[in-house]
Structure formats: structure tokens, C-alpha cells
Amino acid sequence: MLQRIFLALLTLCFGIVANAQPAYFYPDAGNMNPAIPTPAAFLGYDIGTHHTRHDKLVEYFKELDRLSDRVSVQIIGETYEHRQQVAAIFTSTGNHTKLEEIQKAHLAGQVNGSTQSVPLVIHMGYNVHGNEPSSSEAALLTAYYLTASESDEAKKWLNEMVILMDPVINPDGRDRHTHWANMHKASPVVADPIDREHTEIWPGGRFNHYWFDLNRDWFLGTFPETRNRIRFFHQWRPYVQTDHHEMGSNASFYFDPGEDASNNPIVPDYLYKTIYPTYAKYFAAAADKIGSMYFTKEAYDKLYPGYGSSYINFYGGAGFLFEQASSRGHLQETTTIPISFAFTIRNQFIASLTTMRASLVEKDNLLKLRKEFYRMAKEQANKSAVKGYVFGDVNDETRTRAFVNMLLLHELEVYENENAVTIDGKKFDSKKTYYVPCDQDNYIMVRSVFEKQITYQDSSFYDASAWSLVHAYNLPYAELKSAMGKGKRLSSLSARMIVPVEKSNYTYVMEATDYNIHQAIHHLQKGGAIVQSAFRPFSATIKGAVKNFGYGSVVLPVNLQRISSDSLFRLVAEVNKLTGLVIYSLSTGFSSGGIDMGSGYVRTLKKPEVALIVGTGVSAPEAGEIWHLLDERLQMPITKLDLLNTNRADLSRYNTIIMVSGNYSLIDKNNSDKLKAWVQNGNTLITIKSGTEWAIRNGFTKEKLQPVDSSKGVPSRKDYDMAVHIEGAKGMGGSLFRVDLDTTHPLGFGFTDRKVSVYRNGLTFLQPSINPYSTIAQYTSDPLIGGYIHPTTLKRVRNSASILVGSEGSGRVILFTDNPNFRGTWYGTNKLFLNALFYGGSINVPSVAAE
Ligand SMILES: [Zn+2]
């Protein structure tokens, strides 16, 4: 009771604070232009008393644009859920009239840091994680302040800076959380942390529409929100970029510098040694002034180039991370006094104003940083033994083009490769492969994309320790010891050349090597075609030349279809245009080598009917990666089956069920038995990481997890304070490994090299199967390509199984140790997963006869 009275009193105080908005948020603001509505006046409630819907926020920015010459608002794109992406530009009326001129002068002076006389360009970014909402509310306050303030300081900022603002980086995720917080808000507000308002249901608001963490996407550019944002970034190349987050409710406030050992060694030290400590003094003074607690230096890395606070560091700017303890809701109890939404907003707002204040004063330092950055890039390029990279997979134009597009998004110089070259035994054809020289302004980003091992000081990583994208795409590439002649520089990729398909009265065939092969199979099956696959290679004579077709090539026999040959041709032509794949027409089933078209090794593929288990406990990003892959790249519908609905679902509708990482304790014995019976009945269960562990522990397969080495000697003793470092180092933040893939197995169809790069960021270890045909991919004895791994963990990885197929009844379980769809970017291992989906139903594990 006493506690309730206390809370009621506190709520009352909070109410008073909220109503006294100007005094709370802008105590020293001075005169404000009365023609500009405050956010509270526009929205009808005080900031901090309600969560602002994205559409209302967009309206407010448009209203500021309408009322003031200090603001211009652009819509740079929209999200999957049709929410607009706002980019606002704040600068003086005078600057607005010559904005293009300023932009030009700013960009022209980049490399030599000669933009002293040009207004300083900085960028403020808010709310990348949707359920960290304080910062977008702070963006409203900041926008109002910049538009309405009559203070000399604000006018000076606007005269001498161009302030870019992205008030909501993740609109879909933000609104998901906004509705949750508002719909559960009580009156008076309830601070009990377990109240529904403070405990969002799965998948939560952190992610975007496809449950993806956009704060990892700056490097990958998988999502339209990010691609639009990166284009805007490169139009302006700001000197400063902020990124505002929230953390646990019992924390305080974080600002840079971060953990020293996690600084990226290929970025100038000047950033870490001078810029961050200098800015920290401004942030500390501002927080001290309002009595806010904070910390620095203990956490948060800036290694990975894809955070909102790190991407800019790879272009000679300074990224600032802010982490505010979350009220997650309107008011929440903590170990001290309850934390209010308004309080969290105020810290983010003060940090925003302080960033502007500091940036203008420290302009010389920022220009120096940029100059130093380009000097260092040149020096690194000169010192490097590698002078360029040549890459490309002539068997997979889709994957190669996707990689090129990603390079162009980052404004890297990419050239057509004009010379057919063979390096380290790898052949790179002219015109079909590409060249990236090291001698270019953005060499630091080139290194980040191509280098497999950059040496870091720390081992307890917050996230990944390796991210070489050329490995993520599993592309053949070579390091060049001397620069080579440049072909045509690409500004964008021209449309893919389509080789039109000719009508066949016998059989159409296509190779399985291109990334789009599964999209092709899906569209053919959806269109009613019977699709077959060659489980052994063959060669055919086409227009007088012999053409080889590898394992898994797709075969469409014209006379075994339920649809007419004309309908089939129309469908095939459609697929040809959609996927860009070359589709060959054969007039005979007699192959010049290998199996003939009527062979028993040409097998009919079952159309996958797929359910993906989702819901409480399931890893939303891993599930989202699959949903996104099938939606966006294959246009293939799947059922998102909530694990609580498995009991009433008719599983016979599906022949393939996917279980990603997760805690599946909500699936009870009855449902687990139902699922097991479904597998035994001839269906395919695909599991990933801890989903794999769950399947093994619950008796879905005879395959085994690798036991932990228990042969320990005398228990060791260590100091308490060392635990975080020692144990952190044993984790698996994320590194690159090499596996050996059986390319004759349906899961390996379309791969032309047995060595495949995989990404491991988990601690699931599988024993190779006792059935010699069941271990489809296995870690090599020297598996590490790049990144950090603790020696004891490396021992466990060596020679362990990467992918197993267990034969269970008349069905099968396909067990993945690692996530083949990591962050929507692993085009290389995506193919393994899609093979499991499309060829899984055709896999029979050979039984082993006694010798
Ligand atoms: Zn965050």
C-alpha cells in the first residue's frame, strides 16, 4: 500500500514535470518564435506523457517545413509497411537559398579537409531500434528548438552548420512499440516492470518489418530503409553522425568514448584519442548540469563498420553512440527511483544539443580528422602488399551482381575486368568479373569488405569479429600483388543480359549454379510445371557445342507435363525474364556424356509447402531472415506458424517445417510427438543452431551433439573481476570458417567448389554422423578463415559436422550447426538453406551395408 501511495505521488510529480515542459526540457532556451508550434501544442499532449506515432511525427516535420525557411524536409523513401522516411535539413534561410552550392563545396573539399569556409555538415540519427523510443521524441524537441529558437547560439549554429536529421531510422519497429506502450498505458501509469506495458510480446519493436536489426545493416545494405539512408549519407558525407539508443532500465546514460580495446585499428587513432575524449567533456558537462548519471569507456565497440555510430568512421567522420537507460513504457521502477519516459527523452535531447554545440567549436578538429583519414588511407594503400582485388563467379551472375551493387552502394570504385587472368589457380574471365583497385579514396572501406583478418586487441566482442563480405557472398576472388589495367568504371550495373529461351518440344534444362535457381523452380512449380532435377551430371550438344550440366541441374520434360507445351513455353519464358537464367532447349534425350534425360537419376522435385515456426522464444532475426529471403528474393509464400498453434495446426498441409534458434520449451510433449510423427511420415524438418540442439535433445534424430571435453584436472581459481574478460573470450562473437561440402549431395547442388565459407556465431557443435553419407558439410582440420576464436573453442570446431541429414522413418531431419541466412547477406550459404528447402524432400540417406 505504502508503495502504491509513493508511486501515486511520484506520478503526480511526473505529471507536474511533464506539464512544465519548457522549464524541464529548455530551461535556458530564451525567446522562441511564437509562430512555431511546440511539439506539445501540435500533438495535443506533452512530450513524455505519450508515445508519438510515426505519422504524427512526420506531420510535425512537414508542418515545420511549411512554417519556416530554416527547415526543409525530404521523403527519402518508405518502409515495407508504407511509412515515410523523413530526412530534414536545418540551416539558416540564407544557407537554404544556396544549399546546392554549399553541398558542392563541402563535397569538393573532402579529401584535403579544405572546407573551413563552408558550413559544417553534421547528421543526427534517431531510434534505429524501434523499442528504444526516447530519441525520436528528443528529435521532435530538437527540431522545434532549431526552428523556433531566437537565441544567438542557435542562430550561429544555423548560419555555420547544415544539420541533417533522420528522426526515425526504423519507423515500422517504432510504431510496433509505440502502439504497445500506448495501448497498455494506465491512468495513473503503472511502474511495475512486469506490467504488460513494459513487457512487449514477440517479436518486439526492436526490429524492422522482417524482424531485422537495422543497426547492423549499414554495412550490408540489405533493406530499403538502409539503402535510402546510405544514399542520403553519401550525398552529404557529414563530419558527425549520431546514433541514439536505449539500454536496460537500471543502467544510466552512456556516451563515447567506448571501450579502448575495441577501437578499429584501420581507422585513424585521432578519432579515438582526440575526438571522442574531447566531445566527452562537453557531454559530461551537459549531463552534470542536469544531474544525470552516466558512464563511458567500459562497453560498446566500434569495430564493425555497420553500426549507425561506426559507418561514418570509415568515411573520415565521427560517429557518436548514445545509450539511455530505458523506461520502456511511461514509467518504470528501477533499483533506485522509477525512471520516466520524459527523463529518458531529456538526456537524448541534451545530448543532441550538445553534439551541435561541440561540433561547431571543434570544427577544426573534425576537418583535421577527415584530412588525417584520407592521408592514412593513402598510406595504408601504399604500404599494402595487395594492390587490388579481382572477383566474380562466372557460374553465378546473380550473386556476383549483388556483391557489385553492395560495393557501389558504399561508393567504392569498381571496374570491369578486361583481362582474363588466372591467379592462385583461379580463373577470372574478362568482362564477366570485376576489379577493385586499392588505390582509391575509400580504401578503408575496401579493406573492410575484402580483408579476412584485421588484427584486433580485444577478444570479448560485443558482436562480430570478422565480416569480410567477399566471404559472405562466397565469391571466388584473388588478391593482386600489382595493380592491373582498369576497364570501364561502373557507376551502376547495366540491366542483366537476357538470353531468350527457344521453344522446345522435348526438354528444357538449366544449370543449378546461379543464385536464382530456386526462384526459378518456385515459379515453375507455382505455374503448374513438373520440375525435375538431374542427380548426376550430363553433357548435351547445343548448337554444335558440348555444354556440361552439373549436379542438380533442372530438367523440364515437355511431354511429361500436365500443362500444354505452349503453356510450358510461356511459363519458361516468364522465368527466363524474371530470373535472368539461361534456359537451354534440348531436342534429344541422348546425352553426349553422363546420364540421359530419361534416367532414373532425373528425379521429380516435390513442391515445398513450408511452415516456419515463430513466436515467443524463437529467434526473431533468424526467423525473419528466412521470411525475408523467401518473400523478397523468391516471391514464395510460407506460413509463419506460431508455436502455440502447433497443437491445432493441420501439419499435413506442410511437407517442410523450419525451426531456427530458440527456446522451444513452450512446445509440450504432445506437440513434440505430433511433430515427430509428421517427420516419420515422410516430411522434412530443417533446424538451425539451437533449433538443431532442441531436435536432437528431444529425440527427433539419432544424430548427436558433440560432448564437451570433461577431462579437466584440478579446478582452477580466478579473480572475480576477470570473469567478464576470460569468459567473454570463450564466447563466439562471430568469425569466418571453412567447411568441406559434398557437392554431389542435393544440399551441395549448384556449388562448384567443395570449400565453402560459413559464418559461426554460436556454440552448437555436431558430431560427424556414423553414417558416412550423412555428414554433408564438415569443418576442415584448419577451419578458421578470419576473426577471433578462443583456442579451446577452435579445438571443438575442428572436424566437427557443419550440416547433417538424419534419416528418420520415411522422413528426414536436416541439421544446420550455423545460421546459413545470417543477416540476409550470406548469399553463399543461403544456397545451402534453399537447397534444403527445394531438394530436401528428395533426399534419401543411403543405408550402410556391413563390410
Ligand atoms: Zn539500440
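The values are calculated or read from the model by the stated rules, or taken from the named source; none is laboratory data. A quick note: this is a predicted structure, and the numbers were derived from the prediction, not measured. So basically every Cβ, Gly included, is an ideal-geometry build from the backbone, and we count neighbours across all protein chains shown. Ligands, DNA and RNA are excluded from the accessible area calculation, which covers all protein heavy atoms including side chains. Shrake-Rupley method; radii C 1.70, N 1.55, O 1.52, S 1.80 Å.
Regarding Glu153, is this residue away from the ligand (no atom under 15 Å from the Cβ), open to solvent by 30 Å² or more (accessible area, probe 1.4 Å) and assigned to a helix (DSSP H, G or I)? When the stated conditions are applied, Glu153 passes them. If the condition is being outside any helix (DSSP H, G or I) and either under 20 Å from Glu81 (Cα atoms) or in contact (Cβ under 8 Å) with a residue 12 or more places away in the chain (or both), then region 173-187 contributes His184, Lys185. Can you spot a residue in region 106-117 that is crowded, with 24+ Cβ neighbours inside 10 Å, more than 25 Å from the chain's Cα centre (by Cα) and over 30 Å from His177 (Cα atoms)? No, because not a single residue in region 106-117 is crowded, with 24+ Cβ neighbours inside 10 Å, more than 25 Å from the chain's Cα centre (by Cα) and over 30 Å from His177 (Cα atoms).
The set of residues in region 237-251 that are over 23 Å from the mean Cα position of the chain (by Cα) and either surrounded by fewer than 16 Cβ atoms within 10 Å (Cβ to Cβ) or on the phi > 0 side of the Ramachandran plot (or both) contains only Asn250. Within region 252-266, the only residue that satisfies the criterion of being open to solvent by less than 10 Å² (accessible area, probe 1.4 Å), among the hydroxyl-bearing types (Ser, Thr, Tyr) and either more than 16 Å from the ligand (Cβ to nearest atom) or part of a loop (DSSP other than H, G, I, E, B) (or both) is Ser262.
Of all residues in region 71-96, which are hydroxyl-bearing (Ser, Thr, Tyr) and either in contact (Cβ under 8 Å) with a residue 60 or more places away in the chain or within 22 Å of Arg237 (Cβ to Cβ) (or both)? Residues satisfying the conditions are Ser72, Thr79, Tyr80, Thr91, Ser92. Taken over region 569-591, the criterion of being in contact (Cβ under 8 Å) with a residue 40 or more places away in the chain and either surrounded by fewer than 14 Cβ atoms within 10 Å (Cβ to Cβ) or assigned to a helix (DSSP H, G or I) (or both) is satisfied by Phe569, Leu571, Val572, Ala573, Glu574, Val575, Asn576, Lys577, Leu578, Thr579, Ser587, Thr588.
Matching residues to (1) aromatic (Phe, Trp, Tyr); (2) within 16 Å of the ligand (Cβ to nearest atom); (3) under 28 Å from Val446 (Cβ atoms); (4) in contact with a Pro (Cβ under 6 Å, 6 or more places away or on another chain):
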residue: Ala286; (1), (2), (3), (4): no, no, no, no
residue: Gln324; (1), (2), (3), (4): no, yes, no, no
residue: Thr336; (1), (2), (3), (4): no, no, no, no
residue: Phe343; (1), (2), (3), (4): yes, no, no, no
residue: Ala351; (1), (2), (3), (4): no, yes, no, no
residue: Lys363; (1), (2), (3), (4): no, no, no, no
residue: Leu366; (1), (2), (3), (4): no, no, yes, no
residue: Leu369; (1), (2), (3), (4): no, no, yes, no
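Out of Thr142, Thr115, one residue alone is farther than 24 Å from Tyr210 by Cβ, in contact (Cβ under 8 Å) with a residue 24 or more places away in the chain and part of a loop (DSSP other than H, G, I, E, B). It is Thr115. Here region 118-139 is the region considered, the condition is being in a loop (DSSP other than H, G, I, E, B) and of a type in the set (A, V, I, L, M), and the residue that is nearest to the ligand (Cβ to nearest atom) is Val128. Any residue at all in region 315-336 that's under 30 Å from Glu200 (Cβ atoms), surrounded by 24 or more Cβ atoms within 10 Å (Cβ to Cβ) and touching a Leu at 6+ places or on another chain (Cβ under 7 Å)? Checked against the condition, which is being under 30 Å from Glu200 (Cβ atoms), surrounded by 24 or more Cβ atoms within 10 Å (Cβ to Cβ) and touching a Leu at 6+ places or on another chain (Cβ under 7 Å), region 315-336 yields no hits at all. Answer yes or no: is there a residue in region 612-623 that is in a loop (DSSP other than H, G, I, E, B) and among the acidic types (Asp, Glu). Checked region 612-623: no residue is in a loop (DSSP other than H, G, I, E, B) and among the acidic types (Asp, Glu). Screening region 1-65 for helices (runs of 4 or more DSSP H) wholly inside it with 3 or more residues that are at pLDDT 50 or above and open to solvent by less than 70 Å² (accessible area, probe 1.4 Å) returns the ranges 21-25, 39-43. With a requirement of 1 or more residues that are of a type in the set (S, T, N, Q) and open to solvent by 30 Å² or more (accessible area, probe 1.4 Å), the strands (runs of 3 or more DSSP E) lying completely within region 625-714 that satisfy it span 639-642.
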